[in-house]
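Inspection log for the structure reproduced underneath, given as structure tokens.
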């Protein structure tokens, strides 16, 4: 590098360094100017541990001397005890406040060691703790980072909070990869500190791909996958399968540990991951499963065999369940929650949840309304805060009697508050849909399944096991009971047949389109460069291994070459091949981060709109980032024809000009009212008005006005915002890589984050905390916790006393998460300092040589 260029770069980085150290808050959104003392000596290396050890650096940090300085204290490690497996496990169990492991957990940890493994155990059996211990061992003993893959964003948030205290005390990073969060490739950490990357399936795929592409995959020592039966899901199963297949093909020194409830073909999965199986059928808490039809009741004794029993043979507690089932009155169900027993009632639809909750509320016992009365009022107030002062009257009435419903028509924030209230016993009964069973961990002493259906689909065995697995959680209840109510003999026969058949086998849902996506991914990561490499990769997929030999041969020799040739023949838009047979991605394919088909749609759309892009306002830009599923008239937010016409008639002239540039005319809107619009025009109108929804959200101060203006449910609007924010981040990365799309790069830079936090941009820093939604963020701000720095200094008990409906466990999780934020930010500053020092050294060398 020439002297002038190097000096210019040094000056630029020194400006950034000065900004980071002297002016800007690590919490950039709050704009609170702070000084951070990062020039203290580096932590001493523990002779015992042989690594940079600052275990107490945040938990014992001096946060009281000055509001504008963070001075991190070292922990004096006086123990002469060598760091070994037993020490690491006991240390982690102490942090988690778990007295002992179950015998099967100890045995599993002894057997698994460095082997790949499929662990199968009934729901609530304690499998997750085994995965967490393996991760902590990997970080502490082998000094390798780990990836924890979970199926849902809510589970990622929950896992982050549950591990925050361990990360704080054991000195490692937690990094969240869900929604719009996650950096590719991940930041390289200073001082040899390791990370746990807690990811959704989609984010894990991109994370692993970026690490492979940057030749950093050897930083990972362990991948833990919870709910491994998600391989059976058509949409995300292939993504998960590709992640595992790429790692197996690469053959790095990475252990793969997977966990699931009972699987029908578990040995096929262990063959797939080239590992062992560990099957445990016991359950720490006793669980009684009942099935009811008419005035008869049956019991499942081994999870499969179903036998009829009589009320005389039931315990007093179980007899109450029987009476509740044969009774037509909801009063009998209410008898099940005497003595503060927690009850989950799974319903087939959202409407059933609402109606049952209202019915139960009217028939609650005298005195129920007085139980935890203040806590219920606090919950109601918190729910109002979440929705700008509004709350469904039925839900409010139900809550006062300890009952609530829980389903997708509630916003994520509302659901979170209701879950916290249930865990704190403020609510005793939740009427919920199946989404709760697959989501966060809400235990119950009793579970009732009102109908063996999820929507109109008959319940699967896996879903049933997830529902009843909520009954009798370890450490909370000694036993649990569940019962399924069958209205007809047909449903009863079908259900018992399903029980007798046992668990479903896992199948691969990979197909030609997902194989094409896999080809593009591995070529982009330089993992495969020839057809023979691709053939070897495919052999590591479950898709290939479940085929018979004849079909395997046909796929390798015919289907795979045909797919590659189709990519080569697509006018060079995705894949090219040189004379030596080396495959290379085009710039479009390399930029994508999207599936093959969607990449082509997005590219064509962006190129087409360049010629007529209208900059009068942000509407055209928002039009470009509407997710594909919201461009279909039958899907997405349902916009009534009269609402569309009313909104169009009140557009500002600038908005009308943008509409005209996109082909949305008054005549088109009028035809829509008459119902005579062609399908392609309906799609255009649908997409345009979704863009208008976004535009109004960004420009109207009152979020509730947008809900009323378009007649949209709050929960649907939130889901739309989340989806659009995520898709906008993909489009931005796409434009970033393609020179011909340079004009979009600056326009889209801040859009994903703007959409994610548009409801309350001033609360952005607080909303970055896992599990914190807008209502809780407003509560924190009102109580004086205006920044993450203040939260990091806070006392949990004091925070609970200041904020209504804030459980102590949640407060502790918030404080730990805020402290972890500062660990991360301090590491970034250290990385910047290291870069500056390196450049200064190089610069001095150049000057000296001259």
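Packing order of peptides 97-109, 243-255, highest average first: 243-255, 97-109 (average count of other Cβ atoms within 10 Å over each peptide's residues). Fewest-first ordering of 829, 454 by other beta carbons within 10 Å of each residue's beta carbon gives 829, 454. Computed from label points 7 Å out along Cα-Cβ, the spacing between residue 554 and residue 797 is 7.1 nm. Computed extension length for residue 651-residue 141: 177.3 nm, one decimal, from 0.36 nm per residue of separation with the Cα-Cα distance subtracted. Footprinting exposure proxy ranking of 692, 758, fewest other C-beta atoms within 10 angstrom first, gives 758, 692. When peptides 604-614, 414-424, 490-500 are ranked by their average number of other Cβ atoms within 10 Å per residue, the highest-first order is 414-424, 490-500, 604-614. In this rough spin-label picture, where each label sits 7 Å from Cα along the Cβ direction, the residue 487-residue 719 distance is 2.3 nm.
Packing around the peptides 179-188, 532-541, taken as the average count of other Cβ atoms within 10 Å per residue, puts them in this order, highest first: 532-541, 179-188. Modelled label positions at residue 629 and residue 643, each set 7 Å beyond Cα in the direction of Cβ, lie 1.9 nm from each other. Take the Cβ atoms of residue 86 and residue 539, set R0 to 35 Å, and the FRET efficiency comes out at 0.30.
Cβ-Cβ distance of residue 94 and residue 277, R₀ of 30 Å, FRET efficiency by 1/(1 + (r/R0)^6): the value works out to about 0.45.
None of the figures in this text is laboratory data; all of them are computed from the coordinates on show. Not measured: the values here are computed from a predicted model. A quick note on method: Cβ atoms are made from the backbone with ideal geometry, for glycine too, and the neighbour counts reach across all protein chains shown.
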